[in-house]
Each structure stands twice: as structure tokens, then as C-alpha cells.
Amino acid sequence: MVQGERLWRRLMELGEIGKQLSGGVTRLSFTAEERRAKDLVVSYMREAGLAVHEDAAGNVIGRKEGTNREASVVLIGSHLDSVYNGGRFDGPLGVLAGIEVVQSMNEQGVKTHHPIEVVAFTDEEGARFRFGMIGSRAMAGTLPPEALDYRDANGISVAEAMRWAGGDPNRLHEAARKRGTVKAYVELHIEQGRVLEEAGLPVGIVTGIAGLIWVKFTIEGKAEHAGATPMSLRRDPLAAQLPTSWL
Ligand SMILES: [Zn+2]
């Protein structure tokens, strides 16, 4: 059995970091708030008896050794960054539930053949750089090098922000896991719609996920006098129709 109370206490404690007057949480990636959240999670991982390290992308990893140290690893995790005014469970639930699971196993002397690693992935949401999943892409070895040059609203690049937060953009290849070294990945996530709630179901198994695409485009028009130009003679960008293949 896990300790629900301990998990709840940690969720509430972590939810204080980046808390807004609105009640939401703003914890953008590679900021002081996200750093504090990671440091707190590191302390929980140590309490759980895990060996903790942070990879070059800033993913925080807590490892419970398996009876076979060479066996492929089971990953449990989620993210600690948020969107603007996000919820306190989105991300932290998956990380803290993972810690609770392995802490309970350690306390009850449960051993596993495979090592288990709890991971707090860096920058899942993409709210700061409008890109996202930087940590998990690095771990999968699929982070495109040009992503390091993407900039936030203040002109700070991913590489600069990563360095500020203690990561190393020049060593990202070290964060990549080799094919065959990961046995499975498990993530507990709060429902972000109302389907389960409406159906009265406590939990669901995800079989697919929305594939986000970020597109930037410019629609050019022509200024005309507001009163005197009939719509048929205007080229108003606001009224432009996008080709249906784009939608
Ligand atoms: Zn999430």
C-alpha cells in the first residue's frame, strides 16, 4: 500500500511554488520557480531512498536499483513545469505518485528485477519557448539542435536558460537513452477534460493523445476606409479564409 496522506502533503507543498493570486500555478521551465520545484522533488527522492542525479537537459532522475543492475529500466514520471496559471496536479501528480510508489516499496522491502527510475522531465509544456517536451526529447535522443536557439518572449534562448538552470546544452547527447535500455514508461496524469468524471469512472487508460502542431503564419491584407468600401472590394486579413487543409 502507498501512503495517500504523504502524497497529498507533498502535492500541496509543491503546489505552493509559483502559486498565483488567481489560485493557479505558473512555473515556466528553467526559471527560479521550476528550480525550486526540482530541488524540493530531489529532497523527496532522497527521503524515498533513491539515488538522485540530474541529466544534461535538466531531467531530475531518482533511481531504485534492481536485483539485476544491468536490466532495462522502468521509468515512472511526468513534469514539474506548468503553463501560465496551470493546475497544481498537472505534472506533479505523475512525479510525486512515482516517488510514493518506490518509497513504499523501499519501506516494505519490495525488490524488483528491473531498476525503477522516477523522472521529472524538463519543459514538457512548452509555455516559455512555444516548443515543449525538451527533456523527454533529449532522453529519446530526438531533440533537434536548432531547438536550442529558440527564444522566449525576453529573447533568452533555450541553451542560455538551460545553462542558467544547471544543465549543459553541449552534453545533451549524454541524456539520450540507448535503444533497448528502457523497458517501460508509466505516467499517472490528472484528467484534463471531463469524460471520466461525467462517466463516474475513477481512472482511465490512455490509448492515444492529441498531437499538437504549432504553426506561425502571416496573413496580409489591405487597409481601406471603414465606411466607404463595400466588403466585396476589401482584402481584410481578419476575414481571410484559411485553406481547409490547414485546419
Ligand atoms: Zn501535464
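The values are calculated or read from the model by the stated rules, or taken from the named source; none is laboratory data. All figures in this text were calculated on a predicted structure; none of them were measured in a lab. As a convention, Cβ positions derive from the backbone with ideal geometry for all residues, glycine included, and neighbour counts pool all protein chains shown. We work out accessible area using only protein heavy atoms, side chains counted, and drop any ligands, DNA or RNA first. Shrake-Rupley method; radii C 1.70, N 1.55, O 1.52, S 1.80 Å.
Judged by the mean number of other Cβ atoms found within 10 Å, the most tightly packed of the peptides 11-20, 233-242 leads the ranking 11-20, 233-242. Within the full protein context, the accessible area of residue 214 is estimated at about 140 Å² for a probe radius of 1.4 Å.
Beta bridges assigned by DSSP with both partners in segment 4-199 are antiparallel in approximately 55 percent of cases. Running a GNM on the chain with Cα contacts under 10 Å, which residue among 158, 118, 215 ends up with the highest mean-square fluctuation? Looking only at 158, 118, 215, the largest GNM fluctuation is found for 215. The trypsin sites (Lys or Arg not before Pro) of segment 117-166 that DSSP puts in a loop, and whose beta carbon has at most 13 other beta carbons within 10 Å, are 130. Maximal additional length on extending the residue 8-residue 70 stretch stands at 19.0 nm, based on 0.36 nm per residue less the C-alpha distance. Per residue, the convex hull spanned by the alpha carbons of segment 63-195 comes to 137 Å³.
Once the Cβ-Cβ distance between residue 181 and residue 154 is put in as r, and R0 is 35 Å, what FRET efficiency do you end up with, to the nearest 0.05? Write down the numbers at each step before the final one.
Values: r = 37 Å, r/R0 = 1.07.
After rounding to 0.05, the efficiency reads 0.40.
The alpha carbons of segment 196-245 stretch over 60, 23, 15 Å along the principal axes, in descending order.
With contacts defined as alpha carbon pairs under 8 Å and 6 or more residues apart, what's the relative contact order of the chain in percent? Don't skip to the answer; put the middle values down first.
On the way: 400 pairs, mean separation 50.5, N = 247.
Once normalised by length, the contact order is 20 percent.
The count of lysine pairs in segment 4-199 whose Cα atoms are under 28 Å apart, excluding pairs fewer than 8 places apart on the same chain, comes to 10. Computed as a quarter of the hull surface, the mean projected area of the alpha carbon convex hull for the chain stands at 18.6 nm². Using a cutoff of 8 angstrom between alpha carbon atoms and counting only pairs six or more residues apart, the relative contact order for segment 54-198 works out to 35 percent.
Starting from 0.36 nm per residue, how many nanometres of slack lie between residue 234 and residue 174 once their C-alpha separation is accounted for?
Details: separation 60, 0.36 × 60 = 21.60 nm, distance 5.57 nm.
16.0 nm is the gain from fully extending residue 234 to residue 174.
Between residue 85 and residue 209, the modelled label-to-label distance comes to 2.5 nm, taking each label 7 Å out from Cα in the direction of the beta carbon. With θ taken as phi - 60° and the Karplus curve 6.51 cos²θ - 1.76 cosθ + 1.60 applied, the whole-hertz 3J(HN,Hα) list for segment 22-37 is 5, x, x, 10, 10, 9, 6, 5, 6, 10, 4, 5, 5, 4, 4, 4 Hz, x standing for glycine and proline.
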